[in-house]
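Asker: Once you've had a glance at the structure underneath, I'll fire off some questions.
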Amino acid sequence: MAEAGRAKSGLNNSELWGGLVGLALGMFVIWSGYKLKIGSINDPGSGFVLFYTGILMCLFALSIIVAAVTEGGPTVGSLWAGTRWTKPLIVTACLSLFALLLQPLGFLLSSIPLLLLLLRVIDPVRWTLAIPLAVLAPLGVWWVLKRALLIQLPSGIFGIG
């Protein structure tokens with residue numbers, strides 16, 4: 001008899017679905033490599049590595065599919081049982097807000113509040129550590145990107161960052 005939360009085989013087997021998605025992705029990579037011209041071992045084309053990587057992906061996916069059919073795997077529902085969605089949703093909302101505010105506010109004025117919010121809400125850190133980290137980490141990244149690597153960052157409405 002199968003364990004609770006496990007599917008012997010069938011449409012509810014998450015490993016079977018993962019293997020099928022991997023197989024489809026591998027076939028797409030093979031097709032992309034073939035379209036780019038494979039070439040030969042002595043004169044490889046631009047699709048040489050893609051083509052053979054796709055073959056490996058398909059072989060790995062097939063081994064997952066065979067194991068899922070013969071041994072079973074967890075059900076799709078059991079993978080999500082007990083999942084707490086609040087923190088991932090908060091992080092997604094924060095990163096979306098950061099993306100929206102990056103251009104108008106600039107790198108520093110958008111990344112410092114983001115980091116402070118993440119440090120206090122997601123995995124609470126005491127204020128005496130959160131504030132210096134939230135200020136110094138973006139300043140360090142800003143200096144490396146802007147001054148050392150000469151990468152243009154959005155400066156925002158105040159011309160900072």
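The values are calculated or read from the model by the stated rules, or taken from the named source; none is laboratory data. Keep in mind that this is a model prediction, so the values were computed, not measured. All Cβ positions, even for glycine, are placed from backbone atoms using ideal geometry, and neighbour counts span all protein chains on display.
Residue by residue, here is whether (1) modelled with pLDDT of 85 or more; (2) closer than 19 Å to residue 90 by Cα; (3) surrounded by fewer than 11 Cβ atoms within 10 Å (Cβ to Cβ) holds:
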| position | (1), (2), (3) |
| --- | --- |
| 110 | yes, yes, no |
| 121 | yes, yes, no |
| 124 | yes, yes, yes |
| 131 | yes, no, no |
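Asker: For the stretch 106-139, which residues satisfy the criterion of being under 24 Å from the mean Cα position of the chain (by Cα) and not hydrophobic (A, V, I, L, M, F, W, C)?
Answerer: Answer for the stretch 106-139, where residues must be under 24 Å from the mean Cα position of the chain (by Cα) and not hydrophobic (A, V, I, L, M, F, W, C): 110, 111, 113, 120, 123, 124, 138.
Asker: It is to be established whether one or more residues within the stretch 87-100 are touching a Ser or Thr at 6+ places or on another chain (Cβ under 8 Å), part of a helix (DSSP H, G or I) and hydrophobic (A, V, I, L, M, F, W, C).
Answerer: Quick first cut of the stretch 87-100, residues touching a Ser or Thr at 6+ places or on another chain (Cβ under 8 Å) only: 98.
Then drop every residue that is not part of a helix (DSSP H, G or I), which leaves 98.
Applying the additional criterion that residues be hydrophobic (A, V, I, L, M, F, W, C) yields 98.
So far as the stretch 87-100 goes, yes, one or more of its residues are touching a Ser or Thr at 6+ places or on another chain (Cβ under 8 Å), part of a helix (DSSP H, G or I) and hydrophobic (A, V, I, L, M, F, W, C).
So that you can scan it fast, the table gives a plain yes or no per residue for (1) among the small types (Gly, Ala, Ser); (2) more than 30 Å from residue 17 (Cβ to Cβ):
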site	(1), (2)
92	no, no
110	yes, yes
124	no, yes
129	no, yes
149	no, yes
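Asker: Which one of these is touching a Leu at 6+ places or on another chain (Cβ under 7 Å) and surrounded by fewer than 18 Cβ atoms within 10 Å (Cβ to Cβ): 21, 76, 69? So that I can check it myself, show each step before the final result.
Answerer: Values: 21 fails: touching a Leu at 6+ places or on another chain (Cβ under 7 Å); 76 fails: touching a Leu at 6+ places or on another chain (Cβ under 7 Å).
Going through 21, 76, 69 in turn, the sole match is 69.
To keep it simple, each residue is scored yes or no on (1) out of contact with any strand residue (DSSP E or B) (no Cβ under 8 Å at 6 or more places or on another chain); (2) buried (at least 17 other Cβ atoms within 10 Å of the Cβ); (3) of a type in the set (Phe, Trp, Tyr).
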| site | (1), (2), (3) |
| --- | --- |
| 11 | yes, no, no |
| 16 | no, yes, no |
| 27 | yes, no, no |
| 30 | yes, yes, no |
| 45 | no, no, no |
| 50 | yes, yes, no |
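Asker: So which pairs qualify, if the first residue must be in the stretch 50-74 and outside the structural domain of residue 12 (by TED's automatic domain parsing) and in contact (Cβ under 8 Å) with a residue 24 or more places away in the chain, the second must be part of a helix (DSSP H, G or I) and surrounded by fewer than 19 Cβ atoms within 10 Å (Cβ to Cβ), the Cβ gap must be under 8 Å, and the two must be at least 6 apart or on different chains?
Answerer: Partner pairs satisfying both residue conditions: none exist.
Asker: I would also like to ask the following. Out of curiosity, is residue 125 in contact (Cβ under 8 Å) with a residue 12 or more places away in the chain and β-branched (Val, Ile, Thr)? Walk me through it before giving the result.
Answerer: Values: in contact (Cβ under 8 Å) with a residue 12 or more places away in the chain: no; β-branched (Val, Ile, Thr): yes.
For residue 125, the condition - in contact (Cβ under 8 Å) with a residue 12 or more places away in the chain and β-branched (Val, Ile, Thr) - is not met.
Asker: If you don't mind, another one. Within the stretch 96-108, restricting attention to residues that are surrounded by 12 or more Cβ atoms within 10 Å (Cβ to Cβ) and free of Cβ contacts under 8 Å to residues at least 40 places away in the same chain, which residue is farthest from residue 143 (Cα to Cα)?
Answerer: This residue is 97.
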